[in-house]
1. Would you please calculate the Kirkwood hydrodynamic radius of the range 1-89 over all C-alpha pairs and express it in Å, rounded to one decimal?
2. With a cut-off of 8 Å between alpha carbons and a minimum separation of six or more residues, what is the relative contact order of the chain in percent?
3. Give the distance, in whole Å, between the Cα centre of the range 84-115 and the Cα centre of the range 134-211.
4. With only alpha-carbon atoms counted, please give the Rg and Dmax of the chain, in Å.
5. Rounded to two decimals, what is the ratio between the C-alpha radius of gyration of the range 34-128 and 2.2 N^0.38 Å?
6. Assign one of three labels to the range 159-223, namely rounded, prolate or oblate, based on the Cα gyration tensor with a ≥ b ≥ c the square roots of its eigenvalues; rounded applies when a/c is under 1.5, prolate when it is not and a/b is larger than b/c, and oblate otherwise.
7. What chymotrypsin sites (Phe, Trp or Tyr not before Pro) does the range 19-61 have in DSSP loop regions with at most 13 other beta carbons within 10 Å?
8. Where does the range 62-190 land on the Kirkwood hydrodynamic radius, alpha-carbon pairs, in angstrom?
Amino acid sequence: MHKLAIYDMDKTITRVPTWVPFLAYCMKRRARWRIVFIPVAIAASIAFWLKLIDRARLKEISHHWLLGKHLKPSSLSPLVEGFARHTMETNVLAAACDRIAADKAEGYRLVLATASNRMYAAAIAEQLGFDDCVATNSIIGLDDRVHATIDGSNCYGPAKLDMVKAWMAAAGLDRAEAHIRFYSDHPSDRPAFEWADEAYPANPSLKLRALAAEKGWPLLDWR
């Protein structure tokens, strides 16, 4: 029997979401002049809340204007590693780390499944001691540069579960032979909660609290 403990990241393990802090961290250290494009990102955010664009397109626009259309891995790598360390020092919930360590001690394979971009989520996962990371991917061009365009799906909502299932298939893990714990703060992860053997709403929103009460899922508060 394979034992998997699958965790969301933003506001589950971290205090606050990580995408905007990552953009700010990179702009400050790489291209402060890109601050002039912040109004473009704000306009894209407004378009998202008005349902004119989806989350994936919002990410692509903010990546394009605040980080650049494409980045060389050599320039991105130190930013990613620095941001991962910064996140560990300032934005990780100690109680979440305790639960991660407890799952690992029980023999669970730790998987971070997050809508955050893999370019930095994988580095944070490594620092947290995770074994695997399922995240939103960026297209890598023929020039080996990281592009602003998302490769495949934004790892959010039903797509997150699809991507976890695809990862399991690629890893040779049969769902029928797996026991799965799933942790998240957000009701968008309902498909994964219902698919898991053990569902743990962590730091849940009001909507997720209501869903948890309906389903009988135990609540966790790591804040």
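1. By the Kirkwood definition, the hydrodynamic radius is 14.7 Å.
2. It comes to 24 percent, rounded to a whole number.
3. Cα centroid to Cα centroid, the span is 16 Å.
4. 17.5, 53
5. Expressed relative to 2.2 N^0.38 Å, the Cα Rg reads 1.33.
6. Taking the square roots of the gyration eigenvalues as a ≥ b ≥ c, the range 159-223 is prolate.
7. Answer in residue order: no site qualifies.
8. For the range 62-190, inverting the mean 1/r across all distinct Cα pairs yields 16.0 Å.
The values are calculated or read from the model by the stated rules, or taken from the named source; none is laboratory data. Remember, it's a predicted structure, so these values are computed and weren't measured experimentally. Neighbour counts run over all protein chains shown; Cβ positions are idealised from the backbone, glycine included. Calculation scope for accessible area: heavy atoms of the full protein, side chains included, ligands and nucleic acids excluded. Shrake-Rupley method; radii C 1.70, N 1.55, O 1.52, S 1.80 Å.
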